[in-house]
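Here the structure is laid out as structure tokens; the discussion comes afterwards.
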Amino acid sequence: LVIFTSDNGGFAGATSNAPLRANKGSHYEGGIRIPLIFKGPGVKGKGVLSRVPAITNDLYPTILEMLGLPLRPHQHVDGVSLAPLLQEADSIARDALFWHYPHYNKHPQSAPVSIVRRGKWKLIECLEREEFELYDLEDDIGEKRNLAAKETKLVNELNEVLQGWKR
């Protein structure tokens, strides 16, 4: 089984992540949306594209399942196996993805944040400013229109999910 992926978007000034916002080290899509390609036994179809969001935490349970080894949920609490997608399923058993960056780094546009992505919605909790950013990734992949002020009910709902995950 061969897995090709990356570690957090292209480097600022050296690459273009257009139309995605920002770059490596950022909490915007240009910093967290990366390629993920699988090839090998058990991977059905050729050139199949899945639009189901995944996260690197999913790699360990996926490798275990693809190799026919028992899953170890106590070791991959935040990851789920992507094996069903590799065998042409349309979905996996997951409601949301989460990120937690409570610090700065040396990349432009980094800030302490927590994030939940559920379906097309991405909520960013700006930890220092105690503010939220909400983006509809289907209609605004470049994260240009913050809908938090307009969609307060959804912000509250997603924030409950996010705080529950952090607890």
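The values are calculated or read from the model by the stated rules, or taken from the named source; none is laboratory data. Everything numeric here is computed off the predicted structure, so don't read it as measured data. So basically every Cβ, Gly included, is an ideal-geometry build from the backbone, and we count neighbours across all protein chains shown. Only protein heavy atoms, including side chains, enter the accessible area calculation; ligands, DNA and RNA are left aside. Shrake-Rupley method; radii C 1.70, N 1.55, O 1.52, S 1.80 Å.
Descriptive notes on the structure:
- For the chain: relative contact order, % (alpha-carbon pairs under 8 angstrom, 6 or more apart): 17
- Accessible surface ranking for S6, S114, 1.4 angstrom probe, highest first: S6, S114.
- When all protein chains stay in place and ligands, DNA and RNA are ignored, the 1.4 Å accessible-area order of K39, K44, K166, K144, largest first, is K144, K39, K44, K166.
- Check: the chain dipole with +1 on Lys, Arg Cβ and -1 on Asp, Glu Cβ, in debye: 380
- Extent of the chain along its three principal axes (Cα atoms, max minus min coordinate, largest first): 47, 38, 29 Å.
- Helix 152-166 axis, angle to the chain major axis (alpha carbon atoms, nearest 10°): 60
- For the chain, the carbon plus sulfur part of the accessible surface works out to 53%, probe radius 1.4 Å.
- Annotation: lysines with alpha-carbon distance below 20 angstrom to K122 (same-chain offsets under eight excluded): K24, K144, K150, K153, K166.
- Spatially proximal aspartates and glutamates relative to K46 (Cα-Cα < 12 Å; intrachain offsets below 8 disregarded): E88
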